[in-house]
Each structure stands twice: as C-alpha cells, then as structure tokens.
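S.K.: Structure incoming, see below.
The values are calculated or read from the model by the stated rules, or taken from the named source; none is laboratory data. Since the structure is predicted, the reported quantities are computational estimates derived from the model, not experimental observations. All Cβ positions, glycine included, derive from the backbone under ideal geometry; neighbour counts span all protein chains shown. What goes into the accessible areas is simple: the full protein's heavy atoms, side chains included, and nothing from ligands, DNA or RNA. Shrake-Rupley method; radii C 1.70, N 1.55, O 1.52, S 1.80 Å.
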Amino acid sequence: MDGWAIETSGLTKSFVGFVAVNNVNLRVRKGSIFALIGPNGAGKTTVFNLLTKFLPPTSGRIMINGQDVSALKPHAIARLGVSRSFQISSVFPQLTVHENVRVALQRKNRDDFNFWQTDRCLSVLDERVEELLAAVGLGDYARHQASDLPYGRKRALEIATTLALDPSILLLDEPMAGLGSEDIKGVSALIRSVAQGRTVVMVEHNLRVVAELCDWVAVLQRGQLLTEGSYADVSANPAVIEAYMGNSHA
Amino acid sequence: MAMAPLETKIAAANGSVRQRQLIIILLVAVALSAAPFLIYPMFLINVLCFALFACAFNLVMGYSGLLSFGHAAFFGSAAYISGYCAKTMGLPAELAILVATSCSVVLGLIFGWVAIRKQGIYFGMITLAMAQVVYFIAVQAPFTGGEDGLQGVPRKALVSAMAPMSDRQSYFFVLAFFLIGFCIIYRIVHSPFGHILRSIKENETRAASLGYDVDRIKLIAFTLSATLSGMAGAVKAIGFQLATLTDVEFFMSGEVVLMVLVGGLATMTGPVLGAAIIIAMQYYLSEFGIWVKALHGMIFIVCVMAFRRGIVGEIGAYLSRRRGASD
Ligand SMILES: Nc1ncnc2c1ncn2[C@@H]1O[C@H](COP(=O)(O)OP(=O)(O)OP(=O)(O)O)[C@@H](O)[C@H]1O
Ligand SMILES: [Mg+2]
C-alpha cells in the first residue's frame, strides 16, 4: 500500500465566465483518509466530478493508482475501483432498498447484458445485500421503497450501495450532511471500519468529524488549493480561519 | 416454533398463487383458441400485430425511459421487406419474417448508435428525423409500390406446406409470433439486464457511477425493441397481406405511443390492452373517418392529465393500495 491513489496535476475546470477549479495539484496517499474541505462554492464537488469524469477537465491530468485516466468515461472510472456517493443523496427511488444495493452487486456479477436468464438467479446476491444493509443499520427496511425513506436513511442506503462495489478508493461527498448526531457517530464508525485497506476521500463540513477521522486535510478556496497538512496544522493556519470566517460573514 | 404457522401460511399462499396463475394461463389459452371462431379473424390479426408492436415499444418507452418518435421506421420497413420477400421472391412466410426481423436489428443499431447519446426530447427528435428518412426511402424506392404499397402478399408458410392460409389459420400463425415476441419481452424485462435497465431509467448518473456503461445498455435495449417492432411489422405484412406507407409514416409512431399510454406504461399487459382499444376504435368507428383521430387526441389528453399510469397501471396501483390497506 505505497504510493498515491490519486494524483492530479494542474487540474482546472472553467465554466462560462469563471474558474471553478483552478490549477489544483492533489496527492492522496494510498490507504489514507483524506479530507477535502473549504467554504461553500469552493469547488469541492466539482473536483469529485472531475475525478470521476462526470465533468471533463478544461486542463490538467488525473492519475488513479498511477494510471492516466484522461480518456476514460465515468463507468470506466468506477470499474477501476473508484466508487462515489453524491452530495444530494442519489438512490434509485422506485426500487426497494434491497434492490438498490443489489443492482450495485449485479455489476460484479457481470449481468450487464444478461437479458436471457430469469431474475431468480439474483437471489445468490441476497445474503451479501443483507450484510451490507445491516452494516448501515437498514436491515429492517429492506422491503421499503427507497423514496419512502427519511433523508438520513437514504444517505445510509447510498453508502451501502457505494460499499457494495468493494471499491479501493471511496469518494464521499458530505456523508454527514443531514444526519442527526447519533447517525453521525454510526456513519463515522462505519467509515473508519471500511477504510481498512482502502483509500477514502471525503468532502465534509463537519470539522469535528474531519478532525477525528482524517489523516490529511486539503483546503480549497475559490477553486484553488489554499493549504494542506494534518488537521492540527491546517486548523491553526490563519489563512484557513480567514477563509471560513470570511465566508460565513458573506 | 412461533414461526411455523407463518411459514406454512406463506407456503400455502405461494401454492395458491401458483394455482391461480395456472388457472389464468388456462383461461387465456382457451380464450385465444376460441377467439377466431367468435370474432372476425382479420380484426384479431390486426390487434395481435399492434399489440406486439406496442409491447416492443414499451421496452424502450416504459422500461428504458427513452422517448422514441421513430418506431414506425422499424415496423414499416420490416413490413415492406417481409412483403417483398414473400411476394416477389416467393420465400415462405417464416423466412420472410426472419429476413425482415434481421434487417430491423441493423436498422435499430444504426438509429440507436446515432441517437442514444442524446437526452430526452433531443433523443426523440433524432429518432423522428431518421424515421422520416426511412419514410422518404419508402416513398421513393421502386420495390415498395409507392402509394399502392405491396398488395396481395401471399400467406404461404412452411407450416401450411406452402398452401395459402385461410384467415383463421393466419390468426394462429400470427398468434404464434405474438406469443414468441411477448415471452421474449417478458424475459428481458424480468432478467438481470431488465433490473439494470430499470435502475438506469430511475437514475442514470447513479447507474454510471456504479460502473454501468449506460449508453451501451440503452443501445442494447433500443435494438431489442427495434428488432421486435420489426418482427411485428413483418408478421403484419403476412397476416394482412399488405405493406403500405401507413405502416412507416409518422402517424404510426404516434399511434404506438398512444397505445402504450392508454394501456399502461411499463406494464406487461398494458400495451396489449391499449392496442386492442385503439384498433377497436378504428374498426367500429371507421364511419366517423377523421373524427376518430380527433378522439385519439382527446384520449391522449385525458391519459396524460387524468390517469397517467394507463388502464392496467391504474388497476395495479389500486390493487396494491388495497393490499397495503388490508395489511
Ligand atoms: N455544471 C456547472 N455549471 C456551471 N457552474 C457550476 C457547475 N457546477 C458547479 N458550478 C459552480 O462552481 C462553483 C463550485 O461548485 P461546487 O459545487 O464544486 O462547490 P462545493 O465546494 O462543492 O460547494 P458546497 O460546499 O456548497 O457543496 C460554484 O460556484 C458552482 O455554482
Ligand atoms: Mg459540494
């Protein structure tokens, strides 16, 4: 587990009229829990969208596990073992909770073009689905439709789906947003346990969570990397305090 | 121990469900066999062909969430090809249908290849434009018979030892193809692929982030739908002994949308019912001429505004609500 899980060089994304991500050089060490923080609109989600190729970079290069991924599409990034969650929880609303996780497992099952078998063959996945749901505390909700879940449980479902792929790199966009303090504890523990043997990059506004979980913190401001380091170093940096204070007064 | 009664209850429930399914299948089989002795066979042939077309279209519109305005291109071109093979080349009906259906695979791949990267209404517009090209070819090409179309297509099949089939025999011939097509669609919808297709329809971005090549999966679904739509058209040319510009024009693409919406989007039997209703209207209200089309328009508006799930969809929703309430 040496080397870099993710390396970007000169990563830039401009939308019409302004630059959302500006010449960002990030290096995420394999096996670490890495936090990307910064005020609202700093470009954190955009960085995730660039890393997963949901947005094409304007310029710059992205390496994942040492491989240049410039030519790849989002599904190919996922197949490299990069799995993400979305800031606004992203589930399959009309499917049941069980089916939501199962559809992720189906990808490993090489079901993409299997249109001649009956779906009864999917029952081999049930056990794993139940394990994953139990891990995020959704064991009792398996038969519910995903759209009926309260927000916090939708987030948990999204994490279970993300984990189903057994990714080597996890990108979590504000996993704690909208969760109550009890759920935050649960999800923190979950992230810590799944981080064993994986790389986790998380965008998170809850700095207590960041302090507790993350080995390394990078601060983004107006699209640029302001500073990075351990949480203690970063949080003591006057420029960081300024960035957060300035934003909260704006 | 407390679990035992519940388990036996579930087992008994499963058993009675199995039994009920068997009874329904038997009843349907009896009805389908008796139908041509009670109802005008040509009407039934018409219903079956459009029911298959609508089911195939539902695969795209209902189960993949792709809005195609060009499916008449598959239905109509396959009707011409099958008619041509049977009439001019003298091929047996089964072979003519096979050739025409194979051509639809290719046409479906071409349409899909061009259109699939576009979203929503743009996808619809591109399929429409391409279907207009096919229509133009049908108008211009020498072998389609222009305004007259291909008439008097022989109904000589291998199963009838190349003797012309009667209307009633043709009904059973068409029914066989309908059942094959329907079972294929049922299998696709209830396959592992079908589940992935549903997830893409629900949330395309999420499906891509799970590693699914969304464009390719949609292309496969579109091509399967085009193929089966082509089969419906090919069978229609034989059963009806006729392939004309009506089969390939824009109005046909609109009609199949209507059939699916009336019957119920993303239901198995909805398109069959929708096709039966629309065809019955054309038959029994034909003296009102152009007013039937106005009525179609009104039905369309009512469907979109009042009962979006269509007839079968609304019944299904009602039943599951009642089941939910009685639990
Ligand atoms: N597709 C887009 N087109 C145009 N502008 C965009 C697009 N996506 C994001 N932006 C803009 O880019 C900037 C950065 O957005 P981004 O969502 O990356 O911020 P963020 O750091 O994730 O903020 P938050 O903490 O609020 O989630 C914002 O000003 C946003 O409005
Ligand atoms: Mg964000």
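S.K.: For the protein assembly as shown, with the dipole built from +1 on Lys and Arg beta-carbon atoms and -1 on Asp and Glu ones, taken about the Cα centre, which of B:THR227, B:SER64, A:ALA189 lies farthest toward the positive end?
M.R.: Result: B:THR227.
S.K.: Taking amide H atoms as placed 1.01 Å from N in the peptide plane, list the residues 5 or more away in sequence, or in a different chain, whose amide H sits under 5 Å from that of A:VAL21.
M.R.: Excluding prolines and chain starts, which carry no amide H, the hits are A:LYS13.
S.K.: If r is the Cβ-Cβ distance from A:ARG110 to B:SER320 and R0 is 30 Å, what FRET efficiency results, to the nearest 0.05?
M.R.: Working from the Cβ atoms, E equals 0.35.
S.K.: So how long is each side of the range A:44-156 along the principal axes, counting just the alpha-carbon atoms, biggest first, in Å?
M.R.: Dimensions of the range A:44-156 along the principal axes of its Cα atoms: 46, 36, 22 Å.
S.K.: Mind checking how much accessible area A and B bury in total, 1.4 Å probe, in Å² rounded to 100?
M.R.: Adding both sides of the contact gives about 2700 Å².
S.K.: Still on this model: Show the residues, 5+ positions off or on another chain, whose built amide H is closer than 5 Å to the amide H of A:ALA5.
M.R.: Counting only residues 5 or more places away or on other chains, the set is A:VAL28, A:ARG29, A:LYS30.
S.K.: Given a Förster radius of 22 Å and the C-beta distance between B:SER33 and A:CYS121 as r, what FRET efficiency does 1/(1 + (r/R0)^6) yield to the nearest 0.05?
M.R.: Efficiency computed from Cβ-Cβ geometry: 0.10.
S.K.: Consider a paramagnetic label point 7 Å from the Cα of B:TYR283 along Cα→Cβ; state which residues of the range B:241-266 have an amide N under 12 Å from it.
M.R.: Under cut-off, by backbone N: nothing.
S.K.: Taking the Cα centroid of the range A:39-89 and of the range A:175-250, what is the distance between the two, rounded to the nearest whole Å?
M.R.: The range A:39-89 and the range A:175-250 have Cα centres spaced 19 Å from each other.
S.K.: May I pose another question? Return the equivalent ellipsoid semi-axes of chain A as a descending list in whole Å, where each equals the square root of 5 times an eigenvalue of the C-alpha gyration tensor.
M.R.: Calculated on Cα positions only, the semi-axes equal 31, 21, 16 Å.
S.K.: Based on Cα coordinates alone, diagonalise the gyration tensor for the range A:148-250, multiply each eigenvalue by 5, take square roots, and list the semi-axes in whole Å, largest first.
M.R.: Taking √(5λ) for each Cα gyration eigenvalue gives 26, 17, 12 Å.
S.K.: Keeping to pairs on different chains or 8 or more places apart, tell me how many lysine pairs in the range B:42-247 have Cα atoms under 27 Å apart.
M.R.: For the range B:42-247, qualifying lysine pairs total 7.
S.K.: Sequence-distant or interchain residues sharing an amide H contact under 5 Å with B:LEU242, placed H: which?
M.R.: B:VAL153
S.K.: Whole number in Å², please: accessible area per residue of the protein assembly as shown, 1.4 Å probe, ligands, DNA and RNA not counted.
M.R.: Normalised by residue count, the accessible surface of the protein assembly as shown is 46 Å².
S.K.: Can you tell which of A:ASN206, A:ASN114, A:ASN237 shows the greatest fluctuation in a Gaussian network model of chain A with Cα springs below 10 Å?
M.R.: Largest GNM mean-square fluctuation: A:ASN114.
S.K.: Give me the percent relative contact order of the range A:151-224, please, defined on Cα pairs under 8 angstrom at least 6 residues apart.
M.R.: 35 percent.
S.K.: If you don't mind, another one. Read phi for every residue in the range A:173-178 and hand back ³J(HN,Hα) as whole Hz from Karplus 6.51 cos²θ - 1.76 cosθ + 1.60, θ = phi - 60°, with x for Gly and Pro.
M.R.: 9, 6, x, 8, 4, x
S.K.: Now a separate question. Given points 7 Å out from each Cα along the Cα-Cβ axis, report the B:PHE307 to A:GLU131 separation in nanometres with one decimal.
M.R.: Between B:PHE307 and A:GLU131, the label points sit 4.7 nm apart.
S.K.: Further question on the same structure: How well do other chains shield peptide A:102-109, expressed as the mean number of their Cβ atoms within 10 Å of each residue Cβ?
M.R.: If you average over the peptide's residues, the count of other-chain Cβ atoms is 5.
S.K.: Take the alpha carbon atoms of the range A:126-169, find their center, do the same for the range B:249-327, and report the distance between the two centers in whole angstrom.
M.R.: 37
S.K.: So how do B:TYR135, B:TYR171, A:TYR151, B:TYR63 rank on accessible area, 1.4 Å probe, biggest first, that is with the largest at the start?
M.R.: Of B:TYR135, B:TYR171, A:TYR151, B:TYR63, the descending order of accessible area is A:TYR151, B:TYR135, B:TYR63, B:TYR171.
S.K.: Let me ask you something else. Above 29 angstrom, tally the Cα pairs of the range B:42-247 and express them as a % of all pairs, no decimals.
M.R.: So the pairs more than 29 Å apart make up 25 percent of the total in the range B:42-247.
S.K.: Mean residue ellipticity at 222 nm from the helices of chain A, using -39,500 (n - 2.57) per DSSP H segment of n ≥ 4 over the full residue count, to the nearest 500 deg cm²/dmol?
M.R.: That comes out to -10500 deg cm²/dmol.
S.K.: Here's something else I'd like to know. How high is the relative contact order of the range B:42-247? Use alpha-carbon pairs under 8 Å, at least six apart in sequence, and give a whole percent.
M.R.: 46
S.K.: State which helices in chain B qualify, where a helix is a whole DSSP H run, it must extend 27 Å or more along its own axis by its Cα atoms, and its mean Kyte-Doolittle hydropathy must be at least 0.0.
M.R.: B:3-38, B:41-61, B:93-115, B:120-140, B:167-189, B:214-240
S.K.: To the nearest µm²/s, what D does Stokes-Einstein give for the protein assembly as shown at 20 °C and 1.002 mPa s, using the Kirkwood radius over alpha carbon pairs as Rh?
M.R.: Roughly 80 µm²/s, to the nearest whole number.
S.K.: Only helical DSSP H runs with n ≥ 4 go in: add -39500 (n - 2.57) per run for chain B, normalise by residue count and round the 222 nm mean residue ellipticity to 500 deg cm²/dmol.
M.R.: That comes out to -25500 deg cm²/dmol.
S.K.: Let me ask something else. Quote the relative contact order of chain A in percent (integer), defining contacts as alpha-carbon pairs under 8 Å separated by 6+ residues.
M.R.: RCO, chain A: 28 percent.
S.K.: Related question: Any idea what diffusion coefficient the range B:180-327 gets from Stokes-Einstein, in µm²/s, Kirkwood Rh on alpha carbon pairs, 10 °C, 1.306 mPa s?
M.R.: In µm²/s, the coefficient is 90.
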